[in-house]
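Before any comments, here is the structure.
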Amino acid sequence: MPVKPTIIRLIMKLRQKGITDRNVLAAIERIPRELFVPTSFYDQAYEDIALPIGNGQTISQPTVVAFMTQKLEPDIKSKVLEIGTGCGYQAAVLSRLFRRVYTIERYRNLLRAAEKRFIKLRLNNIIPLWADGNQGWPDQAPFDRIILTAGTPSVPNVLFEQLSENGILIAPVGYTSANQKLVLYKKNGQNISAEKLWAVRFVPVVSGTVSDTVSSN
Ligand code: SAH
C-alpha cells in the first residue's frame with residue numbers, strides 16, 4: 001500500500017518533536033489513523049491533534065502517542081499493559097513494537113469498536129479487556145511496561161505491583177487536566193524513580209465500568 005503524503009507530513013512533524021526511534025516512526029507510518037476516528041474527521045486523521053471518539057473520550061495527539069511509546073523503550077520480547085483502550089490507536093501502535101499488548105477499557109462499546117479494528121488490521125497480539133483498569137490485570141501480571149492513557153491524580157499502587165523488575169510505567173499525572181504532566185517511572189528492585197516529562201491534557205481515569213451507551217460522536 002503506498003504511503004499517503006499526509007502520513008509523511010506527520011512523520012516529519014514527529015521527527016521535529018524529537019521522535020527519533022525508527023521503529024516507533026515506522027509503526028506510526030503503518031497504522032492507518034483514519035480507521036480509528038469517526039468518518040466525519042477522516043480529513044483530519046493525520047493532523048497532529050486529538051479528536052473525539054465518542055462517549056466524551058478522545059484519540060490522543062500523534063506526537064503524544066509517539067513520545068509515550070518511545071519513552072517505553074519498546075522491546076519486541078516484552079509485554080505491555082495499556083489502561084484506556086479508547087479507539088485502540090495507541091494499542092495498535094504498541095502491537096507493532098511489543099510481543100503482546102494487553103489493553104483495558106471501561107466503556108464496552110468503545111472496546112468493541114476497537115476490537116473490530118484490531119481484527120480488520122490483523123493485529124493478533126492485542127488482548128482487550130472490558131474492566132476497570134485501576135485494578136490492573138492480575139491474571140496476566142507482571143508486565144514489562146505499563147502505559148496509562150487517561151489522567152490520574154496518582155498511579156494506583158497495584159499497577160506498580162504488577163510491573164516487572166526493571167519495568168517502565170508512563171502515565172499522565174495531575175489532579176486536573178490543566179495541571180497534568182507525563183511522568184516516567186522506572187522500577188529497579190524495590191526502588192521506583194520518577195521523572196516529569198511533557199505537560200499534557202488527558203481525559204481522567206474514572207472508576208468502574210460502563211455497559212453499552214449511545215455514542216455521542
Ligand atoms: N489510548 C487511546 C486514548 C484513550 S482516551 C487512544 O489511543 O486513542 C482515555 C480512555 O481511558 C477512554 O476511552 C476512557 O474511557 C478510558 N478510561 C478511563 N478510566 C478508565 C478505567 N478506570 N479503566 C479503563 N479505561 C478507562
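Tabulated data for the structure shown
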{"item": "Strands (runs of 3 or more DSSP E) contained in the range 107-217 and holding at least 2 residues in contact (Cβ under 8 Å) with a residue 60 or more places away in the chain and among the hydrophobic types (A, V, I, L, M, F, W, C)", "result": "143-148, 163-173, 180-188, 191-200"}
{"item": "Residue within the range 43-56 that is under 24 Å from Val155 (Cβ atoms), open to solvent by 40 Å² or more (accessible area, probe 1.4 Å) and of a type outside the set (D, E, K, R) present", "result": "yes"}
{"item": "Matching entry among Lys187, Lys196, Lys120, Lys116 (being under 16 Å from Lys79 (Cβ atoms) and of a type in the set (D, E, K, R))", "result": "Lys187"}
{"item": "Selection from the range 29-50 of residues that are within 17 Å of the chain's Cα centre (by Cα) and over 20 Å from Phe202 (Cα atoms)", "result": "Glu29, Arg30, Ile31, Pro32, Glu34, Leu35"}
{"item": "Among the candidates Ile146, Ile127, residue that is hydrophobic (A, V, I, L, M, F, W, C) and surrounded by fewer than 22 Cβ atoms within 10 Å (Cβ to Cβ)", "result": "Ile127"}
{"item": "Enumeration of residues in the range 180-213 that are of a type in the set (S, T, N, Q), over 18 Å from Val158 (Cβ atoms) and surrounded by 10 or more Cβ atoms within 10 Å (Cβ to Cβ)", "result": "Gln180, Asn188, Thr213"}
{"item": "Test: residue in the range 125-143 that is touching a Pro at 6+ places or on another chain (Cβ under 7 Å) and of a type in the set (Gly, Ala, Ser)", "result": "no"}
{"item": "Unique residue being farther than 20 Å from Ala113 by Cβ and surrounded by fewer than 20 Cβ atoms within 10 Å (Cβ to Cβ) when the list is Leu35, Leu14, Leu10, Leu25", "result": "Leu25"}
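The values are calculated or read from the model by the stated rules, or taken from the named source; none is laboratory data. Just so it is clear, the structure is predicted and the values come from calculations on it, not from any experiment. Cβ coordinates were reconstructed from backbone atoms using ideal geometry, including for glycine residues, and neighbour counts include every protein chain displayed. Accessible surface areas use protein heavy atoms only, side chains included; no ligands, DNA or RNA. Shrake-Rupley method; radii C 1.70, N 1.55, O 1.52, S 1.80 Å.
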